1. Scanning the range 78-88 for residues that are in contact with a Phe, Trp or Tyr (Cβ under 9 Å, 6 or more places away or on another chain) and modelled with pLDDT of 95 or more, which turns out least open to solvent (accessible area, probe 1.4 Å)?
2. If a residue must be within 19 Å of Glu135 (Cβ to Cβ) and among the hydrophobic types (A, V, I, L, M, F, W, C), how many such residues does the range 167-183 contain?
3. In this structure, is Ser62 in contact (Cβ under 8 Å) with a residue 24 or more places away in the chain, among the hydroxyl-bearing types (Ser, Thr, Tyr), in a helix (DSSP H, G or I) and farther than 18 Å from Ile129 by Cβ?
4. Looking at Thr157, Thr176, which one is open to solvent by 40 Å² or more (accessible area, probe 1.4 Å) and within 24 Å of Pro221 (Cβ to Cβ)?
5. Starting from the range 251-274, keep only residues that are without any contact (Cβ under 8 Å) to a residue 24 or more places away in the chain, then list their pairs with residues that are open to solvent by 10 Å² or more (accessible area, probe 1.4 Å) and not charged (D, E, K, R) whose Cβ atoms are within a distance under 7 Å, requiring at least 6 positions of separation or different chains.
6. It is to be established whether one or more residues within the range 54-70 are surrounded by 17 or more Cβ atoms within 10 Å (Cβ to Cβ) and in contact with a Leu (Cβ under 8 Å, 6 or more places away or on another chain).
7. Test Glu131 against the stated conditions and say whether it is closer than 19 Å to Val82 by Cα, touching a residue at least 24 places away in the same chain (Cβ under 8 Å) and open to solvent by 60 Å² or more (accessible area, probe 1.4 Å).
8. Of all residues in the range 179-214 being assigned to a loop (DSSP other than H, G, I, E, B), of a type in the set (S, T, N, Q) and in contact (Cβ under 8 Å) with a residue 60 or more places away in the chain, which is most open to solvent (accessible area, probe 1.4 Å)?
Amino acid sequence: MTIGLLISGNLGNVILNQLILNHEVKLLFVFTDFKSSSIIETCRKNDIQLFLGNPRNGKSSSFLTEIQDPDLLLSVNYLFIVEKDIISKALKYAINIHGSLLPMYRGRTPHVWAIINNEKITGITAHIIEEGCDEGDIVLQKEIPILDSYTGQDLLTIFNEMYPFIVNEIIEKIKTNTVQLIKQDNSKATFFEKRTADDGKISFDWQKERINNWVRAQANPYPGAFCYLKSEKIIIHKIVFSDLGYKQEMINGLVVKVADTSFFVKTQNGVIQIENFETQIKINVGDILS
């Protein structure tokens, strides 16, 4: 079986190295972005044809005319929307692997959004690539429970472990002609936009449960949830709920206690203890975070 890869980041690199070692398949080419240095280095080391950058609007047309059409076009964590000129290169299937239980959580960073939204189950979906975002027929799905302690990085670690097995299952289904496609129910679809570091601002008017989900979804090595003390930024990586007392009329965001390595803040429905944080300033009782 011949394969063309559309990959970015660490997840993409995991699959690239897996397929290089799989002598039952032939890797024809790789599309990736300029920032995926490990992928670029691996391709050049192994003499794999490589397209760098955004291929949209015909930018990859000359590259596409010079490469062999693959049986399987496989997309893993790829940064760019794939257009028809690339999709049509697949002789058998063009398949994307997405980090949610489609049709829920179409779009970018679905595992982060799932934690923010207090989901208890997420998963991985392999689906046919169409020009719409994550809309194609489902090839297979795997469920993953979201434990209360999980961070966004914890789910990525699970993805790193599970994606290679999913790729092997996809290849085996194609080889044995056992692919069975299931249409997505578009009436149940949800879509979430790409997140940036600037999207992590906490509101202490939220209930403590939402703040906790917000923090753990974006904890290290992500940029982190954050707030401000006056104009100084405080990045927060972990909180726990506290039974410390408070008065309802207290302002949300009020620092009610400071310990050696943590501090306590009043929220809409309780006090939280901020245990893991980054700041360049001293925090005192009576400070108001925003």
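The values are calculated or read from the model by the stated rules, or taken from the named source; none is laboratory data. Keep in mind it's a predicted model, so treat the numbers as computed, not measured. Don't worry about glycine lacking a Cβ; one is built from the backbone with ideal geometry, like all the others, and counts go over all protein chains shown. Protein only, heavy atoms only, side chains kept; ligands, DNA and RNA dropped before computing areas. Shrake-Rupley method; radii C 1.70, N 1.55, O 1.52, S 1.80 Å.
1. Only one residue fits best here, namely Ile86.
2. Residues of the range 167-183 that are within 19 Å of Glu135 (Cβ to Cβ), as a first pass: 170, 179-183.
Subset that is among the hydrophobic types (A, V, I, L, M, F, W, C): 170, 179, 181-182.
So the count comes out to 4.
3. For Ser62, the condition - in contact (Cβ under 8 Å) with a residue 24 or more places away in the chain, among the hydroxyl-bearing types (Ser, Thr, Tyr), in a helix (DSSP H, G or I) and farther than 18 Å from Ile129 by Cβ - is not met.
4. Thr157
5. Taking only residues 6 or more apart or on different chains, the pairs are Ser262/Gln273; Phe263/Ile283; Phe264/Ser242; Phe264/Leu244; Phe264/Val256; Phe264/Gln273.
6. So far as the range 54-70 goes, yes, one or more of its residues are surrounded by 17 or more Cβ atoms within 10 Å (Cβ to Cβ) and in contact with a Leu (Cβ under 8 Å, 6 or more places away or on another chain).
7. The answer is yes for Glu131.
8. If we take residues in the range 179-214 being assigned to a loop (DSSP other than H, G, I, E, B), of a type in the set (S, T, N, Q) and in contact (Cβ under 8 Å) with a residue 60 or more places away in the chain, then Gln207 is most open to solvent (accessible area, probe 1.4 Å).
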